[in-house]
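The values are calculated or read from the model by the stated rules, or taken from the named source; none is laboratory data. Bear in mind that the values here come from a model prediction, so they are computed numbers and not experimental data. Here the Cβ is made from the backbone with ideal geometry for all residues, glycine too, and neighbour counts use every protein chain on show.
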Amino acid sequence: MAVAQLKAEKESDDCSLLPLVHDIIKCMDKDSQDVHQELAKLKAKIQEAREQISNMPGIDCSPLDQQQQLATLREQVRTKNQLLQKYKSLCMFDVPKAS
Amino acid sequence: MGLLACYYCCSFLSCRVVHSPVGGSKEPSGNMTSLPALTASAKMAAGVEKATKDRLLSVLGDVEVLSRELIEMLALSRNQKLLQPGEDVQILELLVQRDREFQQLMDVAQQQGKVHQEMQQLEKEVEKRDSDIQQLQKQLKEAEHILATAVYQAKEKLKSIDKARKGSVSSEEIIKYAHRISASNAVCAPLNWLPGDPRRPYPTDLEMRSGILGHMANMPTNGVNGHLPGDALTAGRLPDVLTPHYPWQSSDVSVGLLPPHHGNDFVLEPPGHNKENEDDVEAMSTDSSSSSSDSD
């Protein structure tokens with residue numbers, strides 16, 4: 001559990017673009033020639049984030065809509081389970097066994 | 001329209017094409033004091049309906065534009081010193097806010113991915129339940145068909161039972177009738193029956209003509225068939241010329257059946273008829289009767 005949480009935090013930190021912006025500003029302050037490289041990193045990071053967003057499942061709707069869909073599905077499963085239980089609990093005929 | 005004015009519409013992406021580069025016309029810095037509250041309310045209003053993907057892309061675009069603006073602003077400020085003091089700090093604050101919002105949206109997107117997996121499992125479960133219900137429905141329909149057939153057959157049997165009860169015949173009558181038809185040797189020849197014995201196991205001509213076949217023979221076309229004349233049939237006996245006369249018949253019977261001009265010694269001998277043929281016929285009839293009686 002703790003490992004998963006740490007992993008999630010790490011992923012959340014990875015999403016931040018501020019470290020790259022900070023590196024660029026530092027390079028600008030130092031008049032370093034690495035600023036172009038840092039800018040390319042930022043651009044690549046943004047592009048990677050866009051692709052990641054495009055491939056993420058289940059975000060084509062808002063969380064509220066998704067929760068409603070989830071509730072609907074749960075209701076369907078519950079209703080169908082009740083229907084099956086109702087069918088299975090119908091009066092069964094006692095078929096005499098051939099002795 | 002400057003960068004800060006674009007922030008009101010909560011989307012830098014849509015306004016990015018009309019952005020003036022850093023150093024262009026800018027809003028007064030005093031207008032930016034109420035920006036966070038306005039953006040929060042606008043975000044709430046837009047976030048209710050927008051999909052998470054759209055919001056993520058929008059915020060990512062904002063971060064990209066803000067980063068570029070900040071970098072360009074810093075670069076220009078180092079060269080020309082034209083910027084008003086504090087503006088870069090405000091852009092930096094906006095950038096931090098947008099970055100935090102982006103991370104929060106990424107967390108929401110990850111949670112939505114988990115919910116999406118759960119929804120997929122639920123959909124599979126729904127499909128499985130649907131197949132179970134359909135199979136059960138099919139079995140119930142088969143059972144209904146079998147039960148309907150059984151009920152129909154049972155109703156038919158009840159109808160036949162009611163019909164039999166309405167036209168019921170008592171067992172005593174059946175026994176009496178059995179005694180009556182067996183006493184006359186109509187169904188079975190006596191054990192000591194021999195050819196020539198009048199106790200025959202077959203119906204007499206009178207009995208035959210009083211039955212259904214005899215009534216059918218009474219139809220008008222019978223005369224045309226040429227078997228027997230109508231008056232002879234209605235009389236219930238053969239014409240005199242066809243009435244066989246056997247030696248064991250008593251004279252009273254023959255006198256009663258035959259016209260007066262026939263004597264006791266009258267013997268009918270049709271063409272081709274002789275004593276041997278007659279014996280064969282009687283033996284055959286005896287055999288048939290015995291076989292039928294055996295079958296009974």
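Condition check: in a helix (DSSP H, G or I) and in contact with a Gly (Cβ under 7 Å, 6 or more places away or on another chain). Does B:ARG209 satisfy that?
yes
Only residues that are facing chain B (nearest Cβ under 7 Å) and hydrophobic (A, V, I, L, M, F, W, C): list them for segment A:65-78, please. Step through it out loud before you land on a result.
Let us first name the residues in segment A:65-78 that are facing chain B (nearest Cβ under 7 Å), namely A:66, A:69-70, A:73-74, A:76-77.
Result: A:LEU70, A:LEU73, A:VAL77.
Every residue, every condition in (1) of a type outside the set (A, V, I, L, M, F, W, C); (2) free of Cβ contacts under 8 Å to residues at least 40 places away in the same chain; (3) exposed (fewer than 13 other Cβ atoms within 10 Å of the Cβ); (4) farther than 19 Å from B:GLN97 by Cα, yes or no:
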position	(1), (2), (3), (4)
A:HIS36	yes, yes, yes, yes
A:ILE46	no, yes, no, no
A:GLN52	yes, yes, no, yes
A:GLY58	yes, yes, no, yes
Exercise. Take the residues of segment A:22-56 that are charged (D, E, K, R) and in contact with a Cys (Cβ under 9 Å, 6 or more places away or on another chain): which is farthest from the other protein chains (Cβ to nearest Cβ)?
Worked result: A:ASP34
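Does B:ALA186 meet the test of being closer than 30 Å to B:GLU207 by Cβ and surrounded by 10 or more Cβ atoms within 10 Å (Cβ to Cβ)? Working first, answer last.
On the way: closer than 30 Å to B:GLU207 by Cβ: yes; surrounded by 10 or more Cβ atoms within 10 Å (Cβ to Cβ): yes.
Spelling it out, B:ALA186 is indeed closer than 30 Å to B:GLU207 by Cβ and surrounded by 10 or more Cβ atoms within 10 Å (Cβ to Cβ).
Results for (1) in contact with a Gly (Cβ under 8 Å, 6 or more places away or on another chain); (2) surrounded by 15 or more Cβ atoms within 10 Å (Cβ to Cβ), shown as yes or no for each residue.
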site	(1), (2)
B:GLU87	no, yes
B:LEU94	no, yes
B:ARG98	no, yes
B:GLU101	no, yes
B:MET106	no, yes
B:GLN112	yes, yes
B:GLN137	no, no
B:SER168	no, no
B:SER171	no, no
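Matching residues to (1) modelled with pLDDT of 90 or more; (2) buried (at least 18 other Cβ atoms within 10 Å of the Cβ); (3) hydroxyl-bearing (Ser, Thr, Tyr):
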position: B:ALA45; (1), (2), (3): no, no, no
position: B:THR52; (1), (2), (3): yes, yes, yes
position: B:ARG55; (1), (2), (3): yes, yes, no
position: B:GLU64; (1), (2), (3): yes, yes, no
position: B:GLN80; (1), (2), (3): no, no, no
position: B:GLU118; (1), (2), (3): yes, no, no
position: B:GLU123; (1), (2), (3): yes, no, no
position: B:SER131; (1), (2), (3): yes, no, yes
position: B:GLU142; (1), (2), (3): yes, no, no
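With the condition kept exactly as written, say whether any residue in segment B:113-120 is part of a helix (DSSP H, G or I) and more than 60 Å from the chain's Cα centre (by Cα). Don't jump to the end; show me each part of the working.
Let us first name the residues in segment B:113-120 that are part of a helix (DSSP H, G or I), namely B:113-120.
Filter again for more than 60 Å from the chain's Cα centre (by Cα), leaving none.
No, every residue in segment B:113-120 fails to be part of a helix (DSSP H, G or I) and more than 60 Å from the chain's Cα centre (by Cα).
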Problem set entry | Checking B:LEU74 against (1) within 7 Å of chain A (Cβ to nearest Cβ); (2) under 30 Å from A:ARG78 (Cα atoms); (3) modelled with pLDDT under 90, the condition it does not meet | (2)
